[in-house]
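The values are calculated or read from the model by the stated rules, or taken from the named source; none is laboratory data. In this text, all values refer to a predicted model and were calculated from it rather than measured experimentally. Cβ coordinates were reconstructed from backbone atoms using ideal geometry, including for glycine residues, and neighbour counts include every protein chain displayed.
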Amino acid sequence: MKRRTALVGLGALFTGACSKVAESRAGQSLFDMAENWHMKAHRALANRQALAPEFTKVDISPVFKGNGSITVDSDIYRDQLSKGFPNWRLRVGGLVKNEMSFSLENLRALPQRSQITRHDCVEGWSAIGEWTGPQLSLLLDAAEVLPEANFIVFYCADILYGKRYYESIDMVDAYHPQTIVAHELNGEPLPEKNGAPLRMRIERQLGYKHPKYLTRIEAVASLDDIEGGKGGFWEDNYGYQWYAGI
Amino acid sequence: MRKKHSLLTRIWHWLNALCVIVLFMSGLGISNAHRYLYWGNAGSQPSEAWTAVIRFPDWATLPQRYDLAESRDWHVLFSWPFAIGLLVFWIAMLIGGHFWRDLRTHREEWKSAAIWADIVKHAKLDFTHDGAKYSFLQKLSYGIVLGVLLPVMVFTGLAISPGFEPAAPWLVDWFGGRQSARSIHFLAAWALFAFFVIHILLVLLSGPVKQMRDMITGGRDET
């Protein structure tokens, strides 16, 4: 009995020490350093333009799970959804020469990329689907991103746990050939639960980096002054890693 | 002759023990985020799963509450010393001779009579083994842990990572897809846990004070 008490005590001491480390500034910077090393290692090992694997039609998942926000809770959204989003606009701005605004029709008129990819959620599940839309690089080139821009920020219409969803990526992922503004899933307009009418695909990262219900794209020099300063909804509010390639 | 544990063996042993404990407990926390396992590349519905997993209680996870982000932080941090430590230890074992001298099994040890004799000896709690540093069953279990389970944890871990995949898509295929790699990661983790339990049990049965002292100070060379 004494031995068991000692063992439980030892365990509590260990996990208690761990929580002290996790709460400390040094612990946080250790976590950030490890995350950064993973990103650097991934980028050093693979070509910056290396593609995530693409699959065939037979691999497409029967159900593409909707997670996080599965709708936008507003009358305007419901009205637009029922009409096929005639008035939805995707604005591109920030550190660009030309501010732009795209309707769905404009986006469909651009050269399209279709890709059958695997979506990996941070929770652990995966689903395969075929996504179609213009490459983000086309939009950024049309807007002429200024050289001082280091990140692309995506703003969304959905409110999750009382906060507006947003995400961000760096220029390596922004100009990656598989980074597309998707308006179709499996040959159909995007379903409501998967982000209708527009969602980003950032194929080499986990699902929370693929913002849905997209309204605005902004080129910025730094993420520090945006929302909580950590580059995304999950990063700001729940401590998730900004680099979600791990 | 029986040599004492080398300094590198002792450092690696304790570093690896710490890494495995942190990775296992944070891994249980990560498992709680989606308690289904699948084969193949994809799976998200209970109907696609080959098994459902229990919810691991908070006292078993790191941190001691459901916090996927912090569990991942611990997992991502300790994956570095775990993988690099294993690589360095393997190189040192191969170059320094520990593997060839102490861990490699010989043909005569694989004869069923010899294996049976070793099992009977263990069952009688007789842990002496003259000449060699390790008995056959020890070599076998250390070989499985060092040569199979620990490397499988590293490689399946890499295969689950979507940012690593473009560097080595063959690795994911090799395990039969991402969700297969995730399932194998889970199974190998529990196989390591089984080793951990038996390992500790045998240390307790074979003189825990001496065993602990030898793994800390190295012990003495015996002839």
Checklist entry - Checking residue B:190 against (1) over 30 Å from residue A:122 (Cα atoms); (2) away from chain A (no Cβ under 14 Å), which single condition isn't satisfied? => result (1)
Item to check | Options B:118, B:126, B:173: the member that is at pLDDT 95 or above and among the acidic types (Asp, Glu) | outcome: B:173
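Can residue B:49 be described as over 30 Å from residue A:237 (Cβ atoms), surrounded by 18 or more Cβ atoms within 10 Å (Cβ to Cβ) and within 12 Å of chain A (Cβ to nearest Cβ)?
When the stated conditions are applied, residue B:49 does not pass them.
Determine which member of the set A:188, A:148, A:144, A:167 is within 25 Å of residue A:88 (Cβ to Cβ) and in contact (Cβ under 8 Å) with a residue 60 or more places away in the chain.
On the way: A:188 fails: in contact (Cβ under 8 Å) with a residue 60 or more places away in the chain; A:148 fails: within 25 Å of residue A:88 (Cβ to Cβ); A:144 fails: in contact (Cβ under 8 Å) with a residue 60 or more places away in the chain.
After ruling out the rest, the residue left standing is A:167.
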Item to check | Check on residue A:224, over 17 Å from residue A:121 (Cα atoms), free of Cβ contacts under 8 Å to residues at least 12 places away in the same chain, more than 13 Å from chain B (Cβ to nearest Cβ) and surrounded by fewer than 24 Cβ atoms within 10 Å (Cβ to Cβ) | outcome: yes
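Quick one: would you say residue B:218 is away from chain A (no Cβ under 14 Å), small (Gly, Ala, Ser) and in contact (Cβ under 8 Å) with a residue 60 or more places away in the chain?
Values: away from chain A (no Cβ under 14 Å): yes; small (Gly, Ala, Ser): yes; in contact (Cβ under 8 Å) with a residue 60 or more places away in the chain: yes.
It is true that residue B:218 is away from chain A (no Cβ under 14 Å), small (Gly, Ala, Ser) and in contact (Cβ under 8 Å) with a residue 60 or more places away in the chain.
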Checklist outcome for this item: Checked against (1) loosely packed, with under 14 Cβ neighbours inside 10 Å; (2) assigned to a helix (DSSP H, G or I); (3) over 19 Å from the mean Cα position of the chain (by Cα), residue B:198 satisfies every condition except (3)
Checklist outcome for this item: Residues in the stretch A:63-73 that are within 8 Å of chain B (Cβ to nearest Cβ) and more than 17 Å from residue A:201 (Cα to Cα) total 1
Next on the checklist: I need the full set of residues from the stretch A:46-59 which are at pLDDT 95 or above and more than 19 Å from the chain's Cα centre (by Cα), in order please.
Outcome noted: A:55, A:56, A:57, A:58, A:59
Next on the checklist: I'm checking my understanding of the structure. Among residues of the stretch A:168-211 that are acidic (Asp, Glu) and either modelled with pLDDT under 95 or under 19 Å from residue A:41 (Cβ atoms) (or both), which one is surrounded by the fewest Cβ atoms within 10 Å (Cβ to Cβ)?
Outcome noted: A:170
Checklist entry - If you scan the stretch B:2-45, which residues turn out to be within 8 Å of chain A (Cβ to nearest Cβ) and hydrophobic (A, V, I, L, M, F, W, C)? => result B:21, B:22, B:25, B:30, B:33, B:42
Checklist entry - Among the listed residues B:145, B:154, B:197, which satisfies the condition of being of a type in the set (Val, Ile, Thr), at pLDDT 95 or above and under 30 Å from residue A:52 (Cβ atoms)? => result B:154
Item to check | Members of the stretch A:1-60 that are within 10 Å of chain B (Cβ to nearest Cβ), β-branched (Val, Ile, Thr) and exposed (fewer than 12 other Cβ atoms within 10 Å of the Cβ) | outcome: A:8
Checklist outcome for this item: Per the filter on the stretch B:52-73, residues touching a residue at least 24 places away in the same chain (Cβ under 8 Å), surrounded by fewer than 17 Cβ atoms within 10 Å (Cβ to Cβ) and small (Gly, Ala, Ser) are B:60
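Only strands (runs of 3 or more DSSP E) wholly contained in the stretch A:74-156 count here; list those with 1 or more residues that are surrounded by 14 or more Cβ atoms within 10 Å (Cβ to Cβ) and within 14 Å of chain B (Cβ to nearest Cβ). Even if it seems obvious, please write down each step before you answer.
Working: elements: A:89-94, A:100-103, A:113-120, A:126-133.
Qualifying strands (runs of 3 or more DSSP E): A:113-120, A:126-133.
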Item to check | Test set (1) under 30 Å from residue A:61 (Cβ atoms); (2) in contact (Cβ under 8 Å) with a residue 12 or more places away in the chain - residue B:7 fails condition number | outcome: (1)
Checklist outcome for this item: Exception for residue B:40 within (1) crowded, with 16+ Cβ neighbours inside 10 Å; (2) at negative phi falls at (2)
Next on the checklist: So residue B:76 passes all but one of these: (1) over 23 Å from residue A:120 (Cα atoms); (2) at the interface with another protein chain (Cβ under 9 Å from one of its Cβ atoms); (3) buried (at least 18 other Cβ atoms within 10 Å of the Cβ). Which condition number does it fail?
Outcome noted: (1)
